[in-house]
Amino acid sequence: MKSTMLSLLLAGLLLAGGAHATAAEHVHASHAWIRVLPGDLPAGAYVTLQNDGDLPAALSGASSTIYADVMLHQSSTAGGMSRMAMVDAVTVPAHGKAVLAPAGYHLMLMQPSVPVKPGDTIQLTLKFTDGSTLATDFIARPANAMDAGEGHAMPPMEHAAMPHTNGH
Amino acid sequence: MKLCRAFLPALLLVAGLLLAGCQHDEPLPLRLTNISGHMPDLDFKLTDDLGKPVTGADYRGKVALLYFGYTHCPDVCPLTLAQLHVVMQRLGPLADGARILFVSVDPARDTPAIMHAYVNAFDPRAVGLTGEARAIEALSKRYRSAFSREPGSADGNYEVSHSSAIYVFDRDGRARVLATPSASQDDLVHDLHLLLDTGTHR
């Protein structure tokens, strides 16, 4: 409920900001990766979003030509139970960032039309609440990967996606 | 018979030493939540990921890490299994004495074949266990754990909420420690070292 209100408010703010300031223009994606699971099991996708703009942005989901369905989810653990729930949007604060990482926010990718293997690069189109979109390359990583794996083998597509780290 | 008499004290001495060795009067300095004596021994009747019926007794002699989850879980279950894989790697060759028992809380979708592909994507020492819903519920209840199927979406997909804890059993199948998701990996490695090193033999 709260997040719906917030996204509506954000959408309103962004519209008021005029046509020049779409969320996608100010948001940079980095550490974009997919944890590949066997067969056609749903996979989790993770990304760090940095907003260089003066207005907050809000990620509302993503789409892909490879996956039939993509859902924005949040995992939580409370009272010793792990749960997963759909969320309407994830806010990327002005001059701040939002981190989609294991055990928190993630994109659930469902029903791949072709087998996705570790090492593959999969493009997802990130969607923001103002309607703007950001095409982002995600690196497919093995099921037992802990992160995007830049520390070991720098995936080539990562460079294009992260030119501005701005010391964060 | 004279021989017997001569041997008896020696035999008693050996037996006494063995007993003392097994009783563990000094508790192990375990770092995680110690559940020794507070949870029942490892016991279940399920099917492993090769389709073979198995019971808790089949894993005696191994240190067992019991974790409940399901394969259509794209975030927390893979993260936990990936973390356990790192723990196993840190144990080195000792890890061969341990087994990760990944029990499905979604037996309707998790066949042994799916479980096999899933667990092997994480660690060669992971075993996928599935079975009758009743048998899984019994195992879950035995460890005061819980799971519940959430209302599904129109396309028939659904999520399952489940306990996040990892239960660790020694080589004799006795419950020893409980690791929560926030537990430190160092502590888990430390405790597994103790359980794998000590003379807790069958």
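The values are calculated or read from the model by the stated rules, or taken from the named source; none is laboratory data. Fair warning: this is a prediction, and the values are worked out from it, not measured in the lab. So basically every Cβ, Gly included, is an ideal-geometry build from the backbone, and we count neighbours across all protein chains shown.
A compact table of results
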item: Tabulated pairs, the range B:155-168, first away from every other protein chain (no Cβ under 11 Å) and assigned to a strand (DSSP E or B), second of a type in the set (K, R) and surrounded by 22 or more Cβ atoms within 10 Å (Cβ to Cβ), C-beta under 9 angstrom, 6+ apart or interchain; result: B:Y167/B:R176; B:V168/B:R176
item: Criterion violated by A:T91 - all others in (1) closer than 24 Å to A:H26 by Cα; (2) crowded, with 21+ Cβ neighbours inside 10 Å; (3) of a type in the set (S, T, Y) satisfied; result: (2)
item: Any hit, the range B:149-169, residues being among the charged types (D, E, K, R) and touching a Cys at 6+ places or on another chain (Cβ under 9 Å); result: yes
item: Verdict on B:A95 being modelled with pLDDT of 95 or more, over 24 Å from B:V160 (Cβ atoms) and small (G, A, S); result: yes
item: Looking only at the range B:24-56, and only at residues there that are at pLDDT 95 or above and of a type in the set (D, E, K, R), the one that is surrounded by the most Cβ atoms within 10 Å (Cβ to Cβ); result: B:D49
item: From the options A:A160, A:A94, residue that is more than 25 Å from B:E150 (Cβ to Cβ), more than 12 Å from chain B (Cβ to nearest Cβ) and at pLDDT below 95; result: A:A160
item: Of the criteria (1) within 11 Å of another protein chain (Cβ to nearest Cβ); (2) within 27 Å of B:G97 (Cβ to Cβ); (3) over 14 Å from the mean Cα position of the chain (by Cα), which one B:A126 fails; result: (3)
item: A:Y67 vs. criteria under 26 Å from B:T180 (Cα atoms), hydroxyl-bearing (S, T, Y) and either within 14 Å of chain B (Cβ to nearest Cβ) or in contact (Cβ under 8 Å) with a residue 24 or more places away in the chain (or both); result: no
item: Candidate set: the range B:172-201, residues that are touching a strand residue (DSSP E or B) at 6+ places or on another chain (Cβ under 6 Å) and of a type outside the set (G, A, S); chosen: the one nearest to B:A108 (Cα to Cα); result: B:P181
item: Residue satisfying all of: in the range B:129-154; touching a residue at least 24 places away in the same chain (Cβ under 8 Å) and part of a helix (DSSP H, G or I); nearest to the other protein chains (Cβ to nearest Cβ) among these; result: B:S140
